[in-house]
Amino acid sequence: MRPRVSALYIVKNEEEYLPFSIRAIHEAVDEVIVVDNGSTDRTPDIARGFPKVRLHHSHAEDYSAVWNMGLAHVTGDWFMFLAADEVFYPDLAEALPRLVGDKHVDAYYCWFYHLR
């Protein structure tokens, strides 16, 4: 059985970029955790539109508290911290199973596009 991979986003008012970022990783990961920290735009609705997304809400002013809340919901063996304006290369879904299957590696640094 291959290791499970989670993606974690902390977002606020990211309706413009979030759908592109989630689409780029959606097939490569097992779950997407989105913690919305008080959006006033359509960000939560967009997140709910993806089947693998588990949306949580926070209004914490302490950014580390928001990240810790997100981490508490991650169930994967591996996880990716993502910003809503980050988009991975199209070959991620093909490469990720091989990368997370290497038992000699604990972490990776990946290249990605910034949409901003």
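Nothing in this text is a laboratory measurement; each read-out follows from the coordinates by a stated rule. Owing to the predicted nature of the structure, the values given are computational and were not obtained by experimental measurement. Glycine also receives a Cβ, built like all others from the backbone with ideal geometry; neighbour counts cover every protein chain displayed.
Helices in the chain, meaning DSSP H runs of at least 4 residues, each add -39500 (n - 2.57). Divided by all residues, the mean residue ellipticity at 222 nm is -8000 deg cm²/dmol.
For the chain, the relative contact order comes to 36 percent (Cα pairs under 8 Å, sequence separation of at least 6). The amide H of Val32, built 1.01 Å from its N in the peptide plane, has Ala7, Val53, Arg54 as neighbours under 5 Å, considering only residues 5 or more places off or on other chains.
For the range 1-58, report the translational diffusion coefficient in µm²/s to the nearest whole number, using Stokes-Einstein at 37 °C, 0.692 mPa s, and a Kirkwood Rh over Cα pairs.
Values: Rh = 11.4 Å.
Diffusion coefficient, whole number: 287 µm²/s.
3J(HN,Hα) couplings calculated from phi for the range 81-96 with the Karplus curve 6.51 cos²θ - 1.76 cosθ + 1.60 (θ = phi - 60°) are, in sequence order, 7, 9, 9, 5, 9, 9, 10, 7, 5, x, 7, 4, 4, 7, 7, 4 Hz; Gly and Pro show x.
Computed about its Cα centre, the charge dipole of the chain is approximately 300 debye, with only Lys, Arg, Asp and Glu carrying charge at their Cβ.
Under 5 Å from the amide H of Ser39 lie the amide H atoms of Asn13, each residue being 5 or more positions distant or on a separate chain, with H modelled from the backbone and absent for Pro and chain starts. Counting every Cα pair in the chain, what percent are over 25 Å apart? Result for the distance tail: 18 percent.
Note on Trp67 and Arg54: the extension gain reaches 3.2 nm, defined as 0.36 nm multiplied by sequence separation minus the Cα-Cα distance. The stretch between Asp30 and Tyr108 holds 26.3 nm of extra length on full extension. This uses 0.36 nm per residue minus the Cα-Cα distance. Per-residue 3J(HN,Hα) values for the range 60-73, derived from phi via the Karplus relation 6.51 cos²θ - 1.76 cosθ + 1.60 with θ = phi - 60°, read 5, 8, 8, 4, 5, 5, 5, 4, 4, 4, x, 4, 5, 9 Hz in sequence order (x marks Gly and Pro).
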